[in-house]
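In what follows, a structure is listed as C-alpha cells, so that the remarks can point back to it.
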Amino acid sequence: MNPTAAVAAPRWLPLLTLFTVASFVEAMFWGQITAFTPLYLPHLGIAPDDVKGWTGTITAVSTLVGLPLLPFWGALADRYSRQPVIVRSFVAHLLAGLLALLAGNVWVFLLARTVQNFSLGNSGLMMTTLAERTPPGRIALAFSVMNGAGPLAAFLGPLLGGPILDHWGFQVLMGIDVVLLACVVLATGFGYRDNYVGTNRGSLLGMAWDSVGIVGRSPRLRVLFSALFLLFGGWMMALTYLPLAVARLYHGADQGTAVGWVLGAGGLTTLVCSPLMGALADRLGLWRVLLIGAAITVLLWPLPLFAGDLVTFAAAWAAINGVASGVFALSFAVLSNSTPAPVRGRVMAFSYLPVNAGLALGPALGSLVTQVSLFAVFPAAAVLTALGIVVLLLARRRPMDAEVPLAALPV
C-alpha cells in the first residue's frame, strides 16, 4: 500500500463530512431560492402573466454572468491556495442571501441571484482536495456522498422551507439561510488544514486562459464536457419549471408547502440512489454504472407528462431525480479520472460548468418548449439526455491525454 495513502486514509472521513455538510447548506439555499422565485416574484411587482418569462430570464442571466469567471477561480487556487477560494464561494452565497432578504424590487433580486453565481468553482476544488486524501478504492463512494448532498439538499430545502415561506414569508426563510451560510464560512475557513501550496508564479490571466486550453486540447475532456452538458441541461430545464408544474396540479392555498413536498420526495430518493450508485461504480466500473443510470433516466423522463394528479407527479419526479442525482454524482468521478493529476484542480474547477451552462441555456430552451405545454419540458429533457449518452459513448472511446503542456505544470 502507498505510505502516503495509508497516512491519508484516516483523514478523509472528517474532510468528507465537512465538505458534505457545506455542500448541503449551499445547495439547500440554492434549492430554496430557485424553487420559490416563481412564487415570490408577484411580491416584487411582477404581473402573474409575466412570472414564467421572468423565471427563465433571472435564472439564465444570473448564471451567464458567473460562467466567465470559472477559469479564474481555478487559476487563483493553483497559484496561491485552494482553501481561501473555497471559502470565497460561501461568502458569495452569504452576500446573495442578504441581498435577497433586503430586495424591494425585481432588479435587486436579480442582483442577488447574480452575486450567488460568483460562488462557482468551489465544488471542483473541494473534490480535488478530497481526492488527494481518499483511498483509491473509495473515491467513487466519497464523490457520490459529497455530490449527492447537493441534489438531496436542493430538494429537501424546499420541503423544509415551504411551510416557513407560507407562514412567515420569504424574508424569514432567507434570514435562516444567511445564518447557516455564515456558519459554513467559518467551518470551511477554520475546520480543516489545507496542505496544498500553490506555485505563486505566473500571470493569473495566463493561467486562467491555459485552464481553458487544457480542456480544449484533451481529446476526452472536450467531448466529455459536451456530453455532461446535454445530460444535465434537460434536468436543469425541468427543475426550473417544476414549481409551475406543481402549481398547475395543486389548487390549495399553501403552494410553497406543495412545492416543498414534491421536491422533498426527490431528495429522499437521492439519499438512497446516489451512495448506492457510487458503491456499485467502485465495484462494477464508473463508466458502466454512469451509462446504465443515464439510460434509465431517459426512460423515466416522460412519466410526469402523463401524471393526472399531484401524488402521481411527485412519485414520477422522485424516481427521475433519484437516478439523475446518482448520474450527476458519478460524472465528477469520471471527470476526475479523465484529468491528468498535475492540473486536476484547475480542470475540476470547471466540473459544475455543464450544470451551470444548463441553468443558463436550459431555462431559455424551456421558455420555448413551454409555449407548447408546460409539461413538454419533461419529454424534451429525455431527448437531451439521450443525446448526452451518445456523446458520452464517444468521450469514452477518446484517449485520455496524459501529456500535460509545460505551461500548465507547477513550477
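The values are calculated or read from the model by the stated rules, or taken from the named source; none is laboratory data. This is a predicted model, so every value here is computed, not measured. Note that we place each Cβ from the backbone using ideal geometry, even for glycine, and neighbour counts take in every protein chain shown. Heavy atoms of the whole protein, side chains included, go into the accessibility calculation; ligands, DNA and RNA do not. Shrake-Rupley method; radii C 1.70, N 1.55, O 1.52, S 1.80 Å.
Observations, loosely collected:
- 0 to 90° range, to nearest 10: angle between helix 310-337 axis and the chain longest Cα axis: 20
- Rounded percent of accessible protein surface that carbon and sulfur make up, the range 54-205, 1.4 Å probe: 72
- The length gained by stretching the chain between THR312 and ARG288 to full extension, at 0.36 nm per residue less their Cα-Cα distance, is 5.6 nm.
- Residues of the range 111-174: accessible area per residue with a 1.4 Å probe, Å²: 28
- Rounded to the nearest 20 debye, the dipole magnitude of the chain is 1160 debye, with +1 charges on Lys and Arg beta carbons, -1 on Asp and Glu beta carbons, and the Cα centre as origin.
- Highest mean packing comes first when the peptides 184-195, 35-46 are listed by Cβ atoms within 10 Å, giving 35-46, 184-195.
- Taking each DSSP H run with n ≥ 4 as -39500 (n - 2.57) and averaging over every residue of the chain yields -26500 deg cm²/dmol at 222 nm.
- Sorting SER81, SER218 on solvent-accessible area from highest to lowest, probe radius 1.4 Å, gives SER81, SER218.
- When you restrict to C-alpha pairs under 8 Å that are six or more residues apart and normalise by the size of the range 77-157, the relative contact order lands at 26 percent.
- With a Förster radius of 30 Å applied to the beta-carbon distance between ASP166 and GLN371, the computed FRET efficiency rounds to 0.50.
- Note, ³J(HN,Hα) from phi for the range 61-69, Karplus 6.51, -1.76, 1.60, rounded to Hz, x at Gly and Pro: 5, 5, 6, 4, 5, x, 4, x, 8
- Added length on full extension, which subtracts the Cα-Cα distance from 0.36 nm per residue, LEU111 to ASN195: 26.7 nm
- Extension gain, ASP254 back to ALA182 (0.36 nm per residue minus Cα-Cα distance, nm): 23.0 nm
- Folded to 0 to 90 degrees: helix 122-133 orientation relative to the chain principal axis, Cα: 40
- Computed over the chain: relative contact order in percent, which uses C-alpha pairs under 8 Å that are six or more apart: 27
- Highest average packing first - 139-145, 51-57, Cβ atoms within 10 Å: 139-145, 51-57
- Pairwise centroid distance, computed over Cα atoms, of the range 79-105 with the range 35-52, Å: 24
- Rolling a 1.4 angstrom probe over the range 276-404 with all protein chains present gives an accessible area of which 69% lies on carbon and sulfur atoms.
- Rounded to the nearest 10 degrees, the angle from helix 106-116 to the longest Cα principal axis of the chain is 20 degrees.
- Its relative contact order, with pairs defined as Cα atoms under 8 Å and 6+ residues apart, puts the range 214-325 at 33 percent.
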